[in-house]
Structure formats: C-alpha cells, structure tokens
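Here is the structure we will look at, set down as structure tokens.
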Amino acid sequence: MTSPVLEVSHVCIDSPTGLILDDINLTVEAGHFMGIIGPNGAGKSTLLSVIAGMTSADRGTVSMSGEVLQRGNRQRLLKNINLLSQMHDDGPRLPLTVRQIVGMGLADYVSPLWRRPAKGGEIMKALELLDMTDIADRDFRLLSGGQKQRVRIARALVSSPRLLLLDEPSAALDTQAQDRLYHLLRRLCDENGVAIIMVEHDIAAITSYVDSVACLNKRIHHHAIRGERIPEHIWQAMYGSHTHIVAHDANCIGCIQGKAP
Amino acid sequence: MSGFFASEVMRSALLPAILIAVTASSISVMVLAHRLSFLTVGVSHATLAGLGLAVTFSLPLLPTASATAVAVALLLAPMLWKRGLNEDAATGVLFAGAMALGIVLISRANRYEVDLFGLLFGNILIVSDADRHWLILAAGIIMLCFLWGARGWWSIAFDAPAAAASGLPVTFYRMLLYAVTGLTVVMCVKLAGIVLTTGLLVLPAACAWFWGKGLGWLWLLSLLFSVTGTLIGLMISYAEDWPSGATVVLTLCMMFLISWGGAQLVQNRTSRNHST
C-alpha cells in the first residue's frame, strides 16, 4: 500500500493569546481534492503554511509520502509541493514577462546565473492549461488582477507538483474564470493524480468539484465527504447562530437538502 | 579626454571605480527588488562607527568597517522583516546612533588618521595598495555571491511564500543578501562617501527598471548605466575639478532623468499608435 501524499497528525500551533491550530489531523491521498472552509482568523492560511514547511508546528507532525517533514529532508520533500499564497498588490513591481514568471516555478530555476535557463516546453504547457499562451511575452505589471492570478496559478502548476496548496485562488477571478479554474484543478486530480488542498470562503462555489470539505475554526469541526451533510450545529460553531446554509445542487457537500428558497 | 587618461591619479582610480560600479549596479537590482534602500542608508552610516572602532583599537580601516557594516546589516534586516518594526524608526536609530558613535570615537583619535571629508563625501582618487587589494577581494566575493544567488533572490522578491514552500532556504538567502549589501555599501563609501552611497546602490537599477524585462536584462542594463555613469562622472570631475563621488552620483541622476523621460516618450508613442 502506498503512503498518502500528505498526513497531518495532531498539529498544534500556540500563540500568547491561545491556540491558533488545535490538534489538526488530515490525510490526503493522491488525486484527492480537498476544500478547507472557515471564518476569518480560523487558521486556514496558517495550516497551509505549516504543511508548506514555512511555520513549525509546536506539537504534532506533517508527513509527505510517509516521511516526517524535518530540517534534514525539508528541501527534498518540499520540491514535490507548490503553494499559491493569497494575492497581495503591495509587492515590488518587478519588470517580468508572463513567461519568466511561470518559469520561476520550475524546480531548477534557482540555479546560478552561469547555468543556462530552463527550457520553455513546460512553461508553454502550463500557459496552455490556463489559456494564456497569447500573452506569454506581455509585461506582468500591465495585466489585470484576474490575469495576474492566472499567471500565478500557471507558475504553481509548471513543476507538476504532487501536492498543490492553494490559498483563495479564485480571488480576483470572475465567475467564468473561477469555474474554469476549478474544472482544471479537478482534471489535474483525476488525470495526473495531483493532490490539492484549497482554502476558499465560498463553499457553494467549490462543492461540485472537491472530494471533501474540512470545516476549520482553530480545530477541524467536521470533515465532510461528497454527498455528506454537515450538521447545522457545526455551521453554528464555526460561523455563529444566524448562519443559514442552502442547497444549490444534488451533489452539494455539507448543504441542507431541500431548503433552497 | 586624453588628459584624463594621461593623469596617473585618474588612471589609478579607474580600476577601483569600475569595480565599485560593477558590484554596486549588480546589487542595486536586488536593493530595488527587495526594497532595501533604507538598509543601505543605515549601514552606510554605521560604517562611520566601524571606522571609529578601527581608529580607536588600531585595526585596519576598511576590513573593520566591512565587518561592522555586515554585522549591522545582519542585525537590522531580520529585526525589520520579522517583527515589522517601522523602517523609518529603525533607520533613524541606526542613522543617528551609528553616526554619533563614529563621531565620538573619531574625535578621540589623531585627526590625521581619518580623512573625515573623504569618508562623508568619498575620495576615489586616493587609494592605497592595501585598499586596492581589499576592493578586489571584496568585489570578487560580492560578484560570486551575486552570480550564485541572484535567481533565488529574484524569486523571493517576487513571491517569498511560494519560494519557501518549494524548498528554497529563504532565510539563508535573505541573510546572504543583507551581508553582501553591507559589504557593497563599504565599497561604495570609498567612491561616494557615507552621504551619497545610497545613490550608487539605487540609481543604476532605477535607470534600467524602465527598460529591462527579466533579471538578466535588468542586470546587464544596470551594469551599462553604472559603468557609463561612473566613467563620464570621473571625466567631468577631472575636467571641472569637481569632487569625484558627487559628480558620479550627479551623472547617474541625470541618466535616470533621461531614462525616465525616454521611457515616457516611448510609452506615449506606443499608446498613440494603439489608439489610431
């Protein structure tokens, strides 16, 4: 039996004001698409940061393909994952073309300047996936917010990672582009066996695409698989007593069936 | 022009000036990409404290100043990026504190030991053999680090979380960049002095920023602007008998204005062509 791509075991993160993450346990197999939802400050981005090896857990372990992530193997194991962090517009406006940015996602990009840059085949393939080959040579600074986000997604995909961590990837995308993105991510899971963990606010938007949804508010209140209903008290524990969830399709994960207006 | 090359003083200043132009322009790309101009201001002022220490304890001037600059850069930068201390506050503390320490230490030394005017405003025309050897060694170290780490630094400047998540040792790369920037600052102090050093570490890449697409082009253009500006500046300084460091910085400022104006013209023409 092969080991899961990711195993998070009893992970806790402390802070002076209390626990940020409390006894988190998750297992993600190859090809599994997991959505993580939760209110602001629930620890969603922190959890991705722990999985990506950027924040050390105070207790518990993160394992990748059966190996516990630690200082000695960190660099090697992390080559198999890619992270798309939340988009901020306050970074330095570097003069780069779309092609160059996508190339930055390749594993061998960070080689000394005296080595030749990577070949462009993988870069164009990643751009094709996002329908962006026509703007490969455009200046990244001149693109719209949505286009920039798609370039960042192409950068995350270019190295064909085994595990993809996405923090609100649909921010700045219009509804059509969101649907296309989720469809593409679903295809990557099904056809390439990529495991995906995606943090999103809007459960209704992702529910037709993901295999499971983890409800996080410092701890995982519920982990719903496709077709399973999330009990109302879980929603209330996460978002407060006035929350009302409605179904929008038959495959909705966590929705209360038959209560649509 | 022929007088410039016939002058032994200018001929001996050429190699150190070009070395400084090459290293400063290379690092200036990262100074802009990582927004480190505040660091160069703070560290250049800390150089005075290093020189004060060297004079007080009879240590070699430039190596002691370099060690101090690297130490200050390594101490200051993580303080800023980890705890979010206000950049202005931190730079102000260093700026005033290091200058004050340097002035106190140097005031106690024999006044002939330190060329205070040269320190503040630079003096590339007086370079001892020991200084020349130190400049060559420092330039070698800086360029080796740059060639090795440039792509990593560039990747971190674009998206640090993604770089860290793909296994890049971001903290190590950042500390190396701060140390190398500190060392470059001391080299620049020799040419432009404490007051004008930031100009050498910002202007070359700022000139190139309008034209370069990608790290490679940006670096080459930055080199071109820096070496050209330094040569023209030294020639003007020789012809008009102006201070060399200030003339080089002024020349680079002029080049920046020309580069910015040219970029605006090209942009206007392009948008006019698109609209017709």
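The values are calculated or read from the model by the stated rules, or taken from the named source; none is laboratory data. Quantities reported herein were computed from a predicted structural model and do not represent experimental measurements. Glycine gets a Cβ as well: all are built from the backbone with ideal geometry, and neighbour counts include every protein chain shown. These accessible areas exclude ligands, DNA and RNA; they are computed on the full protein's heavy atoms, side chains included. Shrake-Rupley method; radii C 1.70, N 1.55, O 1.52, S 1.80 Å.
Computed from Cα atoms alone, the Kirkwood hydrodynamic radius reported for the range A:194-234 is 11.1 Å.
The alpha carbons of chain A occupy a box of 58, 46, 41 Å along the principal axes, longest dimension given first.
Give me the count of lysine pairs in the protein assembly as shown whose alpha carbons sit under 20 angstrom apart, restricted to pairs 8 or more positions apart or on different chains. Could the numbers behind the result be given before it?
Details: A:Lys44/A:Lys218; A:Lys79/A:Lys119; A:Lys79/A:Lys125; A:Lys119/B:Lys213; A:Lys125/A:Lys148; A:Lys148/B:Lys213.
Total qualifying Lys-Lys pairs in the protein assembly as shown comes to 6.
Please give me the summed charge of the neighbours of A:Ala177: other residues whose Cβ is under 11 Å from its Cβ, Lys and Arg +1, Asp and Glu -1. Net charge around A:Ala177: -1.
Based on the Cβ-Cβ distance from B:Trp217 to B:Ile136, what FRET efficiency comes out when R0 is 25 Å, to the nearest 0.05? List each step's numbers first, then the result.
Working: r = 27 Å, r/R0 = 1.10.
That gives a FRET efficiency of 0.35.
Centroid-to-centroid, using Cα positions, the range B:174-197 and the range B:205-251 are 16 Å apart. Derived scalar couplings between HN and Hα for the range B:237-243 equal 4, 5, 5, 9, 6, 9, x Hz in order, rounded to whole Hz, by the Karplus curve 6.51 cos²θ - 1.76 cosθ + 1.60 (θ = phi - 60°), x for Gly and Pro. Model label sites at B:Leu120 and B:Ala71, defined 7 Å from Cα along the beta-carbon direction, differ in position by 2.6 nm. Each 20 Å bin from zero holds the following percent of Cα-Cα pairs in the protein assembly as shown: 20, 44, 28, 8, 0. Each residue of the range A:6-20 was assigned a 3J(HN,Hα) from its phi angle through the Karplus expression (A = 6.51, B = -1.76, C = 1.60, θ = phi - 60°), giving 9, 9, 9, 10, 6, 7, 10, 10, 9, 9, x, 9, x, 6, 8 Hz with x at Gly and Pro. All Cα-Cα separations within the range B:199-276 were binned at 5 Å from zero, giving a P(r) of 3, 17, 21, 19, 15, 11, 7, 4, 2, 1, 0, each value a whole percent of the pairs.
Which value results for Rg/Rh of the range A:42-106 when Rg is the Cα radius of gyration and Rh the Kirkwood radius based on the inverse mean 1/r? Mind dumping the intermediate values first?
Details: Rg = 14.7 Å, Rh = 14.1 Å.
Across the range A:42-106, the Cα-based Rg/Rh ratio is 1.04.
Taking label positions 7 Å along the Cα-Cβ direction at both A:Gln236 and A:Lys79, the computed distance is 5.2 nm, reported to one decimal.
With contacts taken as Cα pairs under 8 Å at a separation of at least 6 residues, chain B carries a relative contact order of 29 percent.
For the range B:120-171, carbon and sulfur atoms together expose 73% of the accessible surface, with a 1.4 angstrom probe and every protein chain in place.
Note on the protein assembly as shown: helix-only mean residue ellipticity at 222 nm, from DSSP H runs of 4+ residues weighted -39500 (n - 2.57) and normalised by residue number, equals -19000 deg cm²/dmol.
Once the 1.4 Å probe is applied to the protein heavy atoms, the protein assembly as shown comes out at 46 Å² accessible per residue. In this Cβ point-charge picture (+1 for Lys and Arg, -1 for Asp and Glu), the range A:1-63 has a dipole of about 140 debye about its Cα centre.
Please state the shape class of the range B:137-276: rounded when a/c is under 1.5, otherwise prolate if a/b exceeds b/c and oblate if not, all from the C-alpha gyration tensor. It would help to have the intermediate numbers written out before the result.
Values: a/c = 2.75, a/b = 1.10, b/c = 2.50.
Oblate.
Can you give the translational diffusion coefficient of chain B in µm²/s, computed by Stokes-Einstein from the Kirkwood radius over Cα pairs at 37 °C and 0.692 mPa s?
On the way: Rh = 19.3 Å.
Answer, rounded: 170 µm²/s.
Considering only beta bridges that DSSP places wholly inside the protein assembly as shown, some 55 percent are antiparallel.
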